[in-house]
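The values are calculated or read from the model by the stated rules, or taken from the named source; none is laboratory data. In this text, all values refer to a predicted model and were calculated from it rather than measured experimentally. Virtual Cβ from ideal backbone geometry, glycine too; neighbours counted across all protein chains shown. Protein only, heavy atoms only, side chains kept; ligands, DNA and RNA dropped before computing areas. Shrake-Rupley method; radii C 1.70, N 1.55, O 1.52, S 1.80 Å.
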Amino acid sequence: MSNLRHTCWLCLLWSHYQHCPIEIEWHGIWFVTGTFDYDLVVIGGGSGGLACSKEAAQLGQKVAVLDYVEPSVKGTKWGIGGTCVNVGCIPKKLMHQAALLGTALKDAQKYGWQIPGPISHDWSTMAEAVQNHVRSLNWGHRVQLQDNLFFFYELLFHTILKEYNFNTAILHFVFPIEVIMSLPLVWQIMLTAKNIVIATGGRPKYPTHIPGAVEHGITSDDIFWLKESPGKTLVVGASYVALECAGFLTGIGLETTVMVRSIPLRGFDQQMAGLVTDYMEAYGTKFSWRSVPKSVDKLSSGVLQVTWTDEQTGKDQRDTFDSVLWAVGRAPETKTLGLEKVGVKLNKESGKILVAADESTSVPNIYAFGDIGEGRPELTPTAIKAGKLLARRLAGQTNELMNYDNVATTVFTPLEYGCVGLSEEEAESRHGKDSIEVYHAFYKPLEFTVAERDASQCYIKVVCKRGGDQRILGLHFTGPNAGEVTQGFAMGFQCGATLTHLKETVGIHPTCAEELTKVNVSKRSGLDATVTGC
Ligand code: FAD
Ligand code: NAP
């Protein structure tokens, strides 16, 4: 057998071959051989994986990051950075901003701005601007990786093969080379690392049991990368992704329907969820309540005919749409990792990796966190913080564990909803109805007054433990800039804030956030909670 040795082609292409110990051998087919020795190999270059690897590199660890984006079912592709940067938080928030600006344009006229002609929105302009920003973030990540001089491979991590050697996990991965070069060769690379971190996140689910769902539907992996407007859209699902997408689509002027099979925003305070959807209905989003989709057919005209069952009447209904967006949850990305061969235990129902408080899995030296971790919040800041702390622990710098309690979040719907802590329902079930006191207020944002906007859904709820200083168990806010407002109060909450602390806080006038410092009407009192006066 001839044994030709060459320097790795990939590294020649990426011009960092001087660091690369891979050699390619000819054994009838080209094989990549060579052994890497890393302190840490991170699989997944998303929010969590990048944070973990950058932190580890800064602490002097030798790190390799492997990231590969499998195109969506519709063929949409994107760069490094994971869900948040490419198909999540960032493009979503920018499109939400596009929608808010539409509302602001309407308000502006009440404030004296003369806007000639009807206002209209151009999808392609927005999409191009958003996509360019995302590409700039991809570039930024790449530059940072290069600057930190650690190894980044845009490869699909395929199979972990476990071997233990002096407490060193030996990784073995296989990826099809056609992914990169359209050549029908199989490369196998053996990596060795002291520790392996899995941060491969998740991808949107399709309801595969519904005829036409996959062929004709799109998901959040596609919506932000569409070059043309999705037109009249049916959004199926009623949680974060569904309501946020339906919100911005409505806001930019597209006819949008949300199909809800049960309740909106499961797991959130249901009074607040009701306010969010009430506002959306008033804003123009249509809701098809208690409805279960049955099929999607493409008509000869090109439009999509959706059939669903109205669970309230038991009857089937039909309508046509230009696009159907499935926002029915996300599935963890574990299928290519061969975790069963290694013995990494998964939750059979969710498919997520079972993890301990220190992010360790059932296999020593293999860690997992972020969206892939069972029971972890599917949020970017938790993935980032958990990743940094894990890197520090693995480098022996700290024993500090990630605190997943009291994580604040915001749903970026047309009326934003921010919260931290327990919902009223959860507080009641944990502490008993008689042991909690709920303070609330319906307030009118000052900016709504001149604009003559309805503020019926602008609401504040502070759930407290009854008695003493009344420790705050949950804080909820619907209104403009809910994310900014909630972020500030989340720190107080983290420090164990009580109603007394809240009342002792002097407000900043005139803001919506100051209304939180003024809540004094309890639900139990039955008094009118409408804020009057300045
Ligand atoms: P990801 O960011 O998903 O990264 C995983 C990476 O691993 C990806 O690049 C993936 O391609 C790669 N990968 C997968 N398998 C392999 C493999 N076998 N080999 C190599 N690489 C692989 N969170 C918020 O906090 N705020 C928001 O406003 C918000 N908005 C969102 C909006 C939408 C539409 C969506 C879908 C999510 C949103 N999220 C939001 C959630 C947030 O995006 C995720 O919680 C976060 O990205 C999770 O980070 P992660 O590192 O666990 O995974
Ligand atoms: P999700 O929270 O799992 O919600 C899935 C939704 O789809 C639910 O309303 C569910 O209804 C519905 N559904 C599921 N299967 C269905 C079917 N076959 N037909 C009709 N409806 C169906 O998923 P998600 O909205 O995709 O969000 C995923 C995670 O991403 C969230 O947990 C969140 O942490 C993160 N995220 C965060 C933000 C943010 O921070 N602003 C934004 C977006 C996403 P049921 O309630 O009846 O099951």
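Here are some notes:
- Amide hydrogen neighbours beyond the local backbone of residue 202, cut-off 5 Å, H modeled: 333
- Computed from phi, the 3J(HN,Hα) profile of region 421-435 under the Karplus parametrisation 6.51, -1.76, 1.60 (θ = phi - 60°) reads x, 7, 6, 4, 4, 5, 5, 5, 6, 7, 10, x, 4, 6, 9 Hz, with x in place of Gly and Pro.
- Average accessible surface area per residue within region 420-534, 1.4 Å rolling probe, Å²: 50
- Taking label positions 7 Å along the Cα-Cβ direction at both residue 136 and residue 209, the computed distance is 4.6 nm, reported to one decimal.
- Carbon + sulfur, % of accessible area of region 339-425 - ligands and nucleic acids excluded, 1.4 Å: 48
- Listed by chain and number, the aspartates and glutamates whose C-alpha is less than 15 Å from the C-alpha of residue 341, apart from same-chain residues fewer than 8 away, are 163.
- The per residue volume of the convex hull around the alpha-carbon atoms of region 51-149 is 135 Å³.
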